[in-house]
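The structure under discussion appears below in the form of structure tokens.
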Amino acid sequence: MEAWSCTGRGKRGMVLPAMILALLCALPAPLRAERVPEKLVYSLSWTGIPVGTATQEIVEAGETRRITSTARSNDWLSAFFPVEDLIESTLDKSLAPFPGLTRYYRMQTREGRHRRDREITFEQEKGTARYHDRRSGDRRDIPITAPTYDVYGSFYYVRYLPLEVGKPATVTILDGTEPRSIEVRVLRKEKLATVLGEVDTVVIRPMVKQEGVFEGKGTVTIWLTDDARRIPVKAQTKVIVGSVTATLTGGDPLPAPAAGK
């Protein structure tokens, strides 16, 4: 895999097409407090009832970064609605701002009787993504324009932008058969009691209907610590009945709770 940067050349001196280079270098610069590796652990609840756990982890792997997200139902929910989700994305860390641009994405989910298994290979330089539904056998080539992210890569990118209330950010994602330009609204600042103590947060809302454990009737709302780390301490979305909430319970590395909290 050729590694690109905003110098316009790859490791072997190959020149990146001018249009793609211009798009990548025009991206707003994220805040520089990202942590790799990082693992975050969440409890999942449905209308206040504990239903499972979730994790989100990012690690370095040579010239790439790998993001892994999991969700598992607890014994109570699994008895009648088992949830077992695994979503992975691989990003070229030398292409575009943190965390890099997506090269590969795979979603494997089991929620009750509903199962998905799809993968997408991103060829950003060629303007193509190769989609494969591993259950139905559907294959297709999808035109894309750089930069295009998977859902989780886009979240890490947006997470470190200089978010300001009332000033939305936009990002292009592909997690199915059609790219979408997503608006991320910055709703408000809010104090929140968390595993880290009471913290200042910035509340954002990506205007996209989530799949997997947060699939439902509305968009997801996310609380990020209002500091350089931008730790996602809470996420919530409406589902067919009630709402599902993910609450941060631990991880590595996490700062110590505030004194007296």
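The values are calculated or read from the model by the stated rules, or taken from the named source; none is laboratory data. Not measured: the values here are computed from a predicted model. Cβ atoms come from the backbone with ideal geometry, glycine included; neighbour counts cover every protein chain shown.
Among the residues of region 113-136, count how many are farther than 22 Å from Gly100 by Cβ and in a loop (DSSP other than H, G, I, E, B).
Residues meeting the conditions: 4.
Cβ-Cβ distance below 7 Å, separation of 6 or more or different chains: which pairs start in region 59-70 with a residue that is farther than 18 Å from Pro253 by Cα and end on one that is part of a loop (DSSP other than H, G, I, E, B)?
So the pair list comes out as Glu63/Met1; Glu63/Ala3; Glu63/Lys93; Glu63/Ser94; Thr64/Lys93.
Is it fair to say Gly48 is exposed (fewer than 14 other Cβ atoms within 10 Å of the Cβ) and either farther than 18 Å from Thr249 by Cα or at pLDDT 95 or above (or both)? Spell out the reasoning first.
Numbers: exposed (fewer than 14 other Cβ atoms within 10 Å of the Cβ): yes; either farther than 18 Å from Thr249 by Cα or at pLDDT 95 or above (or both): no.
No: the conditions fail for Gly48.
Which condition number in (1) assigned to a loop (DSSP other than H, G, I, E, B); (2) in contact with a helix residue (DSSP H, G or I) (Cβ under 9 Å, 6 or more places away or on another chain) is the one that Tyr105 fails?
Among (1) assigned to a loop (DSSP other than H, G, I, E, B); (2) in contact with a helix residue (DSSP H, G or I) (Cβ under 9 Å, 6 or more places away or on another chain), Tyr105 violates only (1).
Would you mind telling me which numbered condition in (1) surrounded by fewer than 16 Cβ atoms within 10 Å (Cβ to Cβ); (2) part of a strand (DSSP E or B); (3) of a type outside the set (S, T, N, Q) Glu84 fails?
Among (1) surrounded by fewer than 16 Cβ atoms within 10 Å (Cβ to Cβ); (2) part of a strand (DSSP E or B); (3) of a type outside the set (S, T, N, Q), Glu84 violates only (1).
How many residues are modelled with pLDDT of 95 or more, over 23 Å from Val244 (Cβ atoms), touching a strand residue (DSSP E or B) at 6+ places or on another chain (Cβ under 8 Å) and not β-branched (Val, Ile, Thr) when one looks only at region 102-148?
18
Among the numbered conditions (1) aliphatic (A, V, I, L, M); (2) at pLDDT below 95; (3) at negative phi, tell me where Ala96 comes up short.
So Ala96 meets the others, but not (3).
Which of the following residues is at pLDDT below 95 and either surrounded by fewer than 17 Cβ atoms within 10 Å (Cβ to Cβ) or of a type in the set (Lys, Arg) (or both): Gly216, Gly166, Gly176? Walk me through how you get there before you give the answer.
Values: Gly216 fails: either surrounded by fewer than 17 Cβ atoms within 10 Å (Cβ to Cβ) or of a type in the set (Lys, Arg) (or both); Gly166 fails: at pLDDT below 95.
After ruling out the rest, the residue left standing is Gly176.
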